[in-house]
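Reviewing the structure listed below.
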Amino acid sequence: MSRRGARSCREAAGLDDRGMRPKPASPFASVDPDDEARVVAAKAGDMNALDALVRRHQPWVFNLALRMVWRREAAEDATQEIFLKAVTHLGSFEGRSQFSTWLHRIAVNHLLNVRKSEMEAQSMTFDDMGRSLDSCVDSELPDESVLPVDHGLLVEEAKLGCITAMLMCLDRRQRLAFILGEIFGVTSEQGGEAMEILAENFRQLLTRARRDLYQFMQGKCGLVNALNPCRCSKKAGAFMANGWLDPAKRQFTRERLAAVQDVTPHRLDELAEMERAHAEHYRSAPLSDGPDFSAKLRAVVARSGFAKE
């Protein structure tokens, strides 16, 4: 294959010159001037432009969904449905706002109204979460020789699974505000626009979410309060025994794109010192690399074309 042909293959797969998937630039941090041209071309039937739009934004939509529903398979389904809605209604996008704003508004509306996930169906409260953690008797992980991955990765999986499960104790609107404002670092204006509420109302939702979540972590989590006995390294074995952690089917520690804090605005300077440690655990979590949805969307477009309104 020629050098030009190899580069074309990499670009079609969304890879850089080293064959690696690049860190995703946050659509909340900057405007991509190419988005407008891609939208125009995609409306005209350019599949490569559509692929480029999807690949730029799918990491953020997928990771928003993953933190909203917890289960990876449910997040993949939600992400595909969100992009299908966007693609089939692309003709209605008039460019009055940024494409990223329009897309994330679709994502927010979908995630606010989608059928309850497995975790949400349990209607878990922070009290329930505390009792569940207390019932997990600290235990050692099995010997690494019988595991497909090392202990460190399983402890990290246990940590990420646990702090993400804590988000399930918030109602959907508070959870969305927390993910957008605290984890992804959007401004109150951006968050309000995505949720179609006033910036002041977004700040109120975020404040309540922080208060409830951080109060629980301060009283239970050893990551933020050394006086708490709960330790991820001790709970990982118990999570495995309970079937909550599967070494061969991990939810949060598959391929990583980047830590959230590396590619989003850093806004922790506006938080109190006590809250800063809590937020850093969420912002240091990796952006998970979900499946490439562009091929599936191509197939849908090929069958039905754009549903212009």
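The values are calculated or read from the model by the stated rules, or taken from the named source; none is laboratory data. Because the structure is a prediction, the values reported are computed rather than measured. Cβ placement follows ideal geometry from the backbone for every residue including glycine, while neighbour counts extend to all protein chains displayed.
Of the helices (runs of 4 or more DSSP H) that lie entirely inside the stretch 90-190, those containing 3 or more residues that are under 15 Å from the mean Cα position of the chain (by Cα) span 99-113, 151-167, 172-178.
Out of all the residues in the stretch 139-146, is one or more in contact (Cβ under 8 Å) with a residue 12 or more places away in the chain, under 18 Å from N63 (Cα atoms) and out of contact with any strand residue (DSSP E or B) (no Cβ under 9 Å at 6 or more places or on another chain)? Taking every residue of the stretch 139-146 in turn, none turns out to be in contact (Cβ under 8 Å) with a residue 12 or more places away in the chain, under 18 Å from N63 (Cα atoms) and out of contact with any strand residue (DSSP E or B) (no Cβ under 9 Å at 6 or more places or on another chain). The residue of the stretch 204-257 that is surrounded by the fewest Cβ atoms within 10 Å (Cβ to Cβ), among those that are closer than 14 Å to L133 by Cα and of a type in the set (D, E, K, R), is R231. Which ones in the stretch 50-81 are out of contact with any helix residue (DSSP H, G or I) (no Cβ under 7 Å at 6 or more places or on another chain) and among the basic types (K, R)? Hit for the stretch 50-81 is R56, nothing else.
Considering only residues in the stretch 89-108 that are under 23 Å from F184 (Cβ atoms) and small (G, A, S), the one that is surrounded by the fewest Cβ atoms within 10 Å (Cβ to Cβ) turns out to be S97.
Within the stretch 121-143, the set of residues being crowded, with 16+ Cβ neighbours inside 10 Å and over 21 Å from K220 (Cα atoms) comprises just one member, L141. Taking each residue of the stretch 298-309 that is farther than 12 Å from L84 by Cβ and part of a helix (DSSP H, G or I) and looking for partners that are hydroxyl-bearing (S, T, Y) and modelled with pLDDT under 65 with beta-carbon atoms closer than 9 Å, six or more apart or interchain, yields nothing. Close contacts from the stretch 157-184, counting a first residue that is closer than 17 Å to K116 by Cβ and a second that is assigned to a helix (DSSP H, G or I) and of a type in the set (G, A, S), with Cβ to Cβ under 8 Å and a gap of 6+ residues or different chains, come to L170/A209; Q174/A209; R175/A209.
Within the stretch 31-61, being of a type in the set (A, V, I, L, M, F, W, C) and under 19 Å from A194 (Cβ atoms) holds for V31, V39, L53, V54, W60, V61. Figure legend. Inter-residue proximity from the stretch 195-206: first residues part of a helix (DSSP H, G or I), second residues of a type in the set (S, T, Y), beta-carbon distance below 8 Å, spacing 6+ or different chains. Indicated pairs: A199/T187; A199/S188; E200/S188; F202/S188; R203/S188; L206/S188.
Of the listed requirements (1) part of a loop (DSSP other than H, G, I, E, B); (2) in contact with a Gly (Cβ under 9 Å, 6 or more places away or on another chain); (3) under 26 Å from R172 (Cβ atoms), G219 misses just one: (1).
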